[in-house]
Amino acid sequence: MEHFDVLIIGSGLAGQSLALRLAETKRVAIVTKKSIEDSASAWAQGGIAAVLDTADSLDAHIRDTHIAGAGLCSDKATRFVVEGGRRAIQWLIDQGVPFTPDQGSDLGYHLTREGGHSHRRVIHVADATGLAVQTTLAAKVLSHPNIKVFSNHIAVDLLTGTKLGLDSKDCFGAYVLDIEKDEVRTFGAQHTVLATGGVGKVYLYTTNPDMATGDGIAMAWRAGCRVANMEFIQFHPTCLYHPHAKSFLITEAMRGEGGILRLPDGTRFMPSHDERAELAPRDIVARAIDFEMKRSGVDCVFLDMTHKSADFLIKHFPNIYASCLDLGIDITREPIPVVPAAHYLCGGIVTDLKARTDLPRLYSVGESAFTGLHGANRLASNSLLECLVFSEAAAKDILATADADLPILPDWDESRVSDADEQIVISHNWDELRRFMWDYVGIVRTTKRLQRAQHRIRLLAKEIDEYYSNFRVSNDLIELRNLVVTADLIVRSAMRRHESRGLHFSRDYPDMASQARNTVLRNPLRGA
Ligand SMILES: Cc1cc2nc3c(=O)[nH]c(=O)nc-3n(C[C@H](O)[C@H](O)[C@H](O)COP(=O)(O)OP(=O)(O)OC[C@H]3O[C@@H](n4cnc5c(N)ncnc54)[C@H](O)[C@@H]3O)c2cc1C
């Protein structure tokens with residue numbers, strides 16, 4: 001049994017920044033599925049949005065966030081995050097993050113402008129911001145005497161008062177599988193934080209790393225927390241489609257530089273979907289590609305840059321040029337095969353402005369949390385900012401909360417399970433789930449498709465629950481169990497929304513309702 005003041009599940013920006021903010025006075029454990037670097041945070045390219053330029057204003061950033069969120073952003077959460085922006089960036093600068101300088105500006109750092117932002121406000125480290133931030137923080141985390149990092153450890157379930165048969169609903173830690181030793185360990189903690197990131201792996205195509213299986217959301221749901229707005233999944237329109245390329249983004253700047261989207265037979269299709277053609281906003285382009293793929297039954301469409309000179313392409317897109325060439329695609333001579341891919345979850349575990357969930361001593365920060373900031377669609381580069389602002393808020397609340405007497409925590413019970421007999425059950429169900437979620441619960445939804453998905457989810461859930469009760473847990477089984485819960489929450493939320501708003505588009509309800517409402521789900525088996 002391990003005991004810590006704070007147990008943080010996840011080593012993305014949310015988890016690492018929180019650990020550093022607590023470690024002066026608290027003993028902190030970070031458990032993370034693979035290495036400390038393995039996270040969506042490390043893959044973020046663009047940057048972090050914050051009001052830093054004197055010509056910009058908090059009101060403008062708040063307004064832009066609301067417009068992107070299609071009327072569903074919480075005003076309180078939006079103001080809270082935007083107002084915390086400058087402080088959050090200063091904290092990163094103090095940690096040593098080498099933001100791209102701009103000697104010509106008063107700020108001293110370069111700011112870019114991204115879609116949906118009315119000002120230049122995205123601070124960045126060239127085109128690999130997340131990696132620079134994560135590497136800087138990881139060096140500090142790993143050398144901090146009060147932080148212990150458990151790599152190759154996957155949290156299985158939360159340890160709550162309810163689970164232990166106590167009167168209180170407090171969270172006292174979690175069961176965690178040590179993947180290398182293949183044993184489940186008990187982590188007791190005064191405070192537990194879910195910083196487990198997103199859910200991209202629930203879909204066949206995603207820009208997310210493999211670890212994004214919705215574990216934190218599923219654990220919180222099983223423990224009795226509310227989750228909200230799970231239907232709002234942001235799809236990136238152009239991810240490279242190639243059997244050996246995993247989650248490789250083709251930047252939207254390519255369309256900005258004149259890229260043309262074509263069907264396999266060479267037909268250009270965007271002008272018939274939107275007068276802005278390839279320059280339409282990302283959700284419209286993603287929807288058009290989805291429509292064309294489903295209509296003609298093709299596996300991908302193509303982004304054609306061949307009308308640009310080779311010099312131009314190699315100079316402006318050196319990474320994409322080199323990566324595609326490695327896979328045998330010369331983008332100066334042939335179009336790039338692309339598909340839309342699940343990118344970001346706007347919903348998650350319901351939290352307040354202190355990052356508290358419905359259960360005492362349980363927090364959630366980052367993409368796993370629903371704070372109300374993103375509404376029905378995320379404004380670019382607001383997510384890393386949200387991680388930073390809410391990790392500061394969680395740290396303050398944890399530091400201000402008195403310790404409790406921890407109950408005796410039972411060890412994980414393996415007495416009634418045996419070794420799994422057939423791994424094929426897991427891999428088959430994993431593939432099936434991701435494919436039907438893509439086909440039926442993707443970018444364009446209908447009630448009939450959602451019902452089909454729900455029917456399959458029920459069958460899968462039953463089979464996986466049985467498997468889970470009979471066999472020893474493994475990394476794949478834990479992830480699959482969580483993916484099914486996550487898929488179920490997405491489908492249920494989508495079925496409840498009888499309108500099209502932001503990222504949720506239903507052919508049966510194409511109009512936007514006059515009143516904007518969040519979709520909040522409660523677990524009937526575990527009322528919080
Ligand atoms: C390709 C890409 C580009 C992006 N670009 C930008 C951008 O430019 N700007 C922006 O603001 N946002 C961007 N985003 C979104 C942003 O990166 C994420 O929303 C953000 O990094 C989420 O941070 P997080 O700390 O919540 O989760 P993550 O960084 O995803 O970290 C989650 C952590 O939890 C761990 N974990 C999960 N489940 C378990 C478990 N059961 N047990 C133990 N550990 C677990 C994982 O191993 C990982 O360490 C981008 C996302 C992607 C995929």
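Points to keep in mind about this one:
- Dividing the helix sum by the residues of the chain, where each DSSP H run of 4 or more adds -39500 (n - 2.57), gives a mean residue ellipticity at 222 nm of -11000 deg cm²/dmol.
- Residues Ser383, Ser247, Ser296, ranked from the fewest to the most other C-beta atoms within 10 Å, line up as Ser296, Ser247, Ser383.
- When each of His119, His236 is scored by the number of other beta-carbon atoms lying within 10 Å, the sequence from fewest to most is His119, His236.
- Shape call, segment 331-437: gyration tensor on alpha carbons, a/c limit 1.5: oblate
- DSSP bridge analysis restricted to segment 1-125 gives an antiparallel fraction near 55%, rounded to the nearest 5.
- The trypsin sites (Lys or Arg not before Pro) of segment 362-418 that DSSP puts in a loop, and whose beta carbon has at most 12 other beta carbons within 10 Å, are Arg416.
- For the listed peptides 258-266, 459-467, 280-288, a ranking on the average number of other beta carbons within 10 Å per residue, highest first, reads 280-288, 258-266, 459-467.
- Going from the residue with the fewest nearby Cβ atoms within 10 Å to the one with the most, Met512, Met270, Met437 rank Met512, Met270, Met437.
- Share antiparallel - DSSP beta bridges, the chain, percent rounded to 5: 60
- Among Ser469, Asn518, Ile154 - extreme Cα towards positive end, dipole of the chain, charges at beta-carbon: Asn518
- Based on the reciprocal of the average 1/r between different C-alpha atoms, the Kirkwood radius for segment 148-237 equals 14.7 Å.
- Straight-line reach from Lys169: taking Cα to Cα under 17 Å and skipping same-chain neighbours fewer than 8 places apart, no lysines fall in range.
- Sorting 170-181, 447-458 by average packing, meaning the other beta carbons within 10 Å per residue, from highest down gives 170-181, 447-458.
- Estimated dipole of the chain in Debye, rounded to 20 [Cβ of Lys and Arg +1, of Asp and Glu -1, Cα centre]: 1260
- 23 Å Cα-Cα threshold exceeded, pairs from Lys33/Lys76; Lys201/Lys294; Lys26/Lys163; Lys26/Lys396; Lys140/Lys181: Lys33/Lys76; Lys26/Lys163; Lys140/Lys181
- Radius 13 Å from Cβ of Leu345, net charge of other residues (Lys, Arg +1; Asp, Glu -1): -2
- Shape call, segment 374-477: gyration tensor on alpha carbons, a/c limit 1.5: oblate
- The alpha-carbon of Lys34 sits under 16 angstrom from the alpha-carbons of these aspartates and glutamates, leaving out residues fewer than 8 places away in its chain: Asp178, Glu180, Asp182, Glu183, Asp210, Asp215, Asp476, Glu479.
Laboratory data are not the source of any read-out in this text; all were calculated from the coordinates shown. Predicted, not measured: the structure shown is a model, and the values here were computed from it. Note that we place each Cβ from the backbone using ideal geometry, even for glycine, and neighbour counts take in every protein chain shown.
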